[in-house]
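Visitor: Take this structure first; my questions come after.
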Amino acid sequence: MKPGGVLAICDGDYSTATAQIADFDPLDQLIKFMINQNVTNLWIMRQISGILVDAGFQLGARKGHGYVAEGEATYFLTVIERGADRMVEEGLLFSETAEALKSEAKRRVSAKMFFGFMSYVSQIANKPKIV
């Protein structure tokens, strides 16, 4: 990046992803499994400020952005479905159980009982100008 340039980063704080509506909610376990299988660093946005400072950037604004699943909850249903499928592939669930959990998620959406939440974080940084 050229000196004087501005960097903007936004990513999920994936450790906050949840569909839990009570203790031991099985849908939440599907989300946690899927994220743990596919996200390299769950806490990268919690670490990004230090990484940028170490790389010589000056930090600007950092903000949190909450995502609450609404309507069809498409993103969360996709994560739940992929999590269930991966658990079947890994031999952790029978396919019938996975299909029942996917149906439960869809039932919650149609009954307006589904809850899905994940936070995102954005960070602005500047590359100092050479004087």
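Visitor: Near SER95, within a Cβ-to-Cβ distance under 11 Å, what is the net charge of the other residues, with Lys and Arg +1 and Asp and Glu -1?
Guide: Details: positive: LYS102; negative: ASP85, GLU89, GLU96, GLU99.
So the surrounding residues net to -3.
Visitor: Right, here's the next one. Provide the solvent-accessible area of SER103, counting protein heavy atoms only and rolling a 1.4 Å probe, rounded to the nearest 10 Å².
Guide: Rounded to the nearest 10, that gives 70 Å².
Visitor: Hey, which of these cross-link pairs are over 30 Å Cα-Cα: LYS32/LYS63; LYS63/LYS102; LYS63/LYS129; LYS2/LYS32? Please list the in-between numbers first.
Guide: On the way: LYS32/LYS63 24 Å; LYS63/LYS102 33 Å; LYS63/LYS129 24 Å; LYS2/LYS32 39 Å.
Among LYS32/LYS63; LYS63/LYS102; LYS63/LYS129; LYS2/LYS32, the Cα-Cα distance tops 30 Å for LYS63/LYS102; LYS2/LYS32.
Visitor: Just how large is the dipole of the chain about the Cα centre, in debye to the nearest 20, putting +1 at every Lys and Arg Cβ and -1 at every Asp and Glu Cβ? Intermediate values should be presented prior to the final figure.
Guide: On the way: 14 positive and 15 negative charges, 168 e Å.
Computed charge dipole of the chain: roughly 800 debye.
Visitor: What's the magnitude of the charge dipole for the stretch 1-74 around its Cα centre, counting Lys and Arg as +1 and Asp and Glu as -1 at the beta-carbon? Answer in Debye, nearest 20. Show your work: numbers first, answer last.
Guide: Values: 5 positive and 8 negative charges, 100 e Å.
That gives the stretch 1-74 a dipole magnitude of about 480 debye.
Visitor: Under a straight-distance cross-link criterion of Cα-Cα below 20 Å, which aspartates and glutamates are reachable from LYS106, leaving out those fewer than 8 residues away in the same chain?
Guide: Answer for LYS106, where 20 Å is the Cα cut-off: ASP23, ASP25, ASP28, GLU70, GLU72, GLU81, ASP85, GLU96, listed by chain and number.
Visitor: Starting with the highest mean, order 16-28, 78-90 by the number of other Cβ atoms within 10 Å, averaged over the residues of each peptide. Could you put the intermediate results ahead of the total?
Guide: Numbers: 16-28: 15.8, 78-90: 18.8.
Per-residue Cβ counts within 10 Å, averaged per peptide and sorted highest first, yield 78-90, 16-28.
Visitor: Further question: Ratio of Rg to Rh for the stretch 70-121, alpha carbon only, Kirkwood? Intermediate values should be presented prior to the final figure.
Guide: Numbers: Rg = 11.9 Å, Rh = 11.6 Å.
Ratio of gyration radius to Kirkwood radius: 1.03.
Visitor: Let me ask something additional. On average, how much area does the Cα convex hull of the chain cover when viewed from any direction, in nm²? Working shown, then result.
Guide: Numbers: hull surface 38.1 nm².
If you wrap the Cα atoms of the chain in a convex hull and average its projections, you get 9.5 nm².
Visitor: Aspartates and glutamates within cross-link reach of LYS127: Cα-Cα under 16 Å, excluding same-chain residues under 8 positions apart?
Guide: Once the sequence-local aspartates and glutamates are set aside, what remains near LYS127 is ASP54.
Visitor: Just grab the label-to-label distance for ILE9 and GLN58, each label 7 Å out from Cα along the Cβ direction, in nm (one decimal).
Guide: Placing both labels 7 Å along Cα→Cβ, they lie 1.9 nm apart.
The values are calculated or read from the model by the stated rules, or taken from the named source; none is laboratory data. For clarity, every value in this text was computed on a predicted model and none was experimentally measured. With ideal geometry, Cβ positions are generated from the backbone for all residues, glycine too; neighbour counts draw on all protein chains shown. Surface areas here come from the heavy atoms of the whole protein model, side chains and all, with no ligands, DNA or RNA. Shrake-Rupley method; radii C 1.70, N 1.55, O 1.52, S 1.80 Å.
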